[in-house]
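Colleague: Submitted below is the structure of interest, expressed as structure tokens.
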Amino acid sequence: MPTLKLKVNGRDYKVEAEPTATLLEVLRDKLLITGPKVGCNTGDCGACSVLLNGQLVKSCITNAFISDGCEVITVEGLAKPGELHPLQKAFYEYYGAQCGFCTPGMLIAAKALLDENPNPTREEIKEALSGNLCRCTGYVKIIEAIMAAARELRETGGVIAGKEVS
Amino acid sequence: MANTLFYRAADLKEACALMAQYERRARILAGGTDLMVAINRRLLLPEVLVYIGNCGLDYIRVEGKSLIIGAMTNHDSILRSALVKEKAPLLVEATRHIGSPSIRNMGTIGGNLVNASPAADAGTALLALGAKLNLVSVSGVRQVKVEEFFTGPGKTVLKPGEILQEVLIPPQNENSRWAWYKLGKRKSDICSVISVAISLEIEGNLCRYARIALGAVAPVPLLAKRAGSLLERQKIDKTLIAKAAKAASEETTPIDDVRATAWYRRKVSENLVKRLLSQILE
């Protein structure tokens, strides 16, 4: 089996995979990074969302070898162990999750948005989350959480783009 | 057990050589947003994957007067391009409704065309824009019109060993007018129930040319030639709009599927063409 190199959440990996494997399969089954979820496995639900070189992608339909040599951020990489990213804190405070299955993808999609646009409107948040489905709680609380996190990040000048997040 | 071979072609020449070697056994991998879905669903297991992300096919530029877009250009790049916005705003509008941000980051204009879905939004837009495609292989480059490219659902005129290299969009002038509408069951990540793209050139009060394209109403993205020709060299009024809309609807050959019935598609095709033409001429 061919091998590929990945940097996931700041750590380097070299891993063997089938040429038809998806990035999601490599993350979950080979590297045991299970934040990204297997939902639809057809690119519709967004539960598998990760950042690939800073770009939001659906890892379930990203061929693993396209990501060879790339940097991947999953929900595990948003904050240091034991700490919460402002987005995670806001999701908690605003009840932005119910069953939690869509949450890793929602958080990553939200991070992709705030990295580019620190002061999004409600409509811009809806557009940014348009590839992510939640089947429990609806989207209002998730949107409110993202607005709150954006506010906090602007006020504290928190660095959200880098790996170092306080 | 998969025994697929994976090649990351270093340039277009190597990609062509690989496609010549493996022909039908090989599939081009671009963004993967369609191909990987088919692989995940076990509908397809290619013997060979040729990844063309490193072949320098990601570009948007103007050559002569035409706008040229490389096949590996993703939808997000098209959406953000000032050049496409200036030269082919219709394509920007169509691209805005493809997938969702994460799909647009990966999916490419070339993949949207080669996948040859009857509902391909870029296909419908490019039909209205009168675009041409350069197809490349070890024997050289040949050019086809977009309306000659699609031959059926998932089928194109690409020969074994051929790769879609780039899209050429002819210049639009100051008399060009356009309109786009996508009807879907939701706003994002949705296959069109019907899409309509119209491009007209109006000089004085005469229509110089008209191209009316419809998606998801035929086995291929459809150029409604008869409807377009009804408008050409005519002064367009309400009666003519109604006639052209009816003609466009008669040119469709839709099917019943999970998204809509054939009856609905025919009916709404007529209404949408009427609406968009009226909008353009307001």
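The values are calculated or read from the model by the stated rules, or taken from the named source; none is laboratory data. Nothing here was measured: the structure is a model prediction, and the numbers come from that model. Cβ atoms come from the backbone with ideal geometry, glycine included; neighbour counts cover every protein chain shown.
Colleague: Among the residues of segment B:194-253, count how many are touching a helix residue (DSSP H, G or I) at 6+ places or on another chain (Cβ under 7 Å) and assigned to a helix (DSSP H, G or I).
Modeller: The total comes to 15.
Colleague: Considering only residues that are of a type outside the set (D, E, K, R) and surrounded by fewer than 22 Cβ atoms within 10 Å (Cβ to Cβ), which ones fall in segment B:27-48?
Modeller: Result: B:VAL37, B:ALA38, B:ASN40, B:LEU43, B:LEU44, B:LEU45, B:VAL48.
Colleague: Scan segment A:59-100 for residues that are farther than 18 Å from A:LYS14 by Cα, within 13 Å of chain B (Cβ to nearest Cβ) and either of a type in the set (Gly, Ala, Ser) or in contact with a Leu (Cβ under 8 Å, 6 or more places away or on another chain) (or both) and report the count.
Modeller: 1
Colleague: Tell me whether segment B:72-86 contains one or more residues that are farther than 21 Å from A:GLU124 by Cβ, among the small types (Gly, Ala, Ser) and either at pLDDT 95 or above or touching an Asp or Glu at 6+ places or on another chain (Cβ under 7 Å) (or both).
Modeller: Checked segment B:72-86: no residue is farther than 21 Å from A:GLU124 by Cβ, among the small types (Gly, Ala, Ser) and either at pLDDT 95 or above or touching an Asp or Glu at 6+ places or on another chain (Cβ under 7 Å) (or both).
Colleague: Just to check your reading of the model, which residue among B:LEU57, B:LEU18, B:LEU113, B:LEU67 is modelled with pLDDT of 95 or more, within 19 Å of B:GLY130 (Cα to Cα) and either out of contact with any Lys or Arg (no Cβ under 8 Å at 6 or more places or on another chain) or in the same structural domain as B:LYS187 (by TED's automatic domain parsing) (or both)?
Modeller: Selected residue: B:LEU113, the only one of B:LEU57, B:LEU18, B:LEU113, B:LEU67 that is modelled with pLDDT of 95 or more, within 19 Å of B:GLY130 (Cα to Cα) and either out of contact with any Lys or Arg (no Cβ under 8 Å at 6 or more places or on another chain) or in the same structural domain as B:LYS187 (by TED's automatic domain parsing) (or both).
Colleague: Does A:GLU124 satisfy the condition of being farther than 25 Å from A:GLY10 by Cα and either part of a helix (DSSP H, G or I) or more than 14 Å from chain B (Cβ to nearest Cβ) (or both)?
Modeller: It is true that A:GLU124 is farther than 25 Å from A:GLY10 by Cα and either part of a helix (DSSP H, G or I) or more than 14 Å from chain B (Cβ to nearest Cβ) (or both).
Colleague: Then there is this: With on the phi > 0 side of the Ramachandran plot, touching a residue at least 24 places away in the same chain (Cβ under 8 Å) and buried (at least 24 other Cβ atoms within 10 Å of the Cβ) as the only criterion, which of B:GLY110, B:GLY123, B:GLY99 stands out?
Modeller: That would be B:GLY99, the only listed residue that is on the phi > 0 side of the Ramachandran plot, touching a residue at least 24 places away in the same chain (Cβ under 8 Å) and buried (at least 24 other Cβ atoms within 10 Å of the Cβ).
Colleague: How many residues does segment A:96-129 contain that are of a type in the set (Ser, Thr, Tyr) and either modelled with pLDDT under 95 or within 18 Å of A:VAL50 (Cα to Cα) (or both)?
Modeller: 1
Colleague: Just give me the residues in segment A:29-49 being more than 14 Å from every other protein chain (Cβ to nearest Cβ) and among the hydroxyl-bearing types (Ser, Thr, Tyr), in sequence order.
Modeller: Within segment A:29-49, A:THR34 is the sole residue that qualifies.
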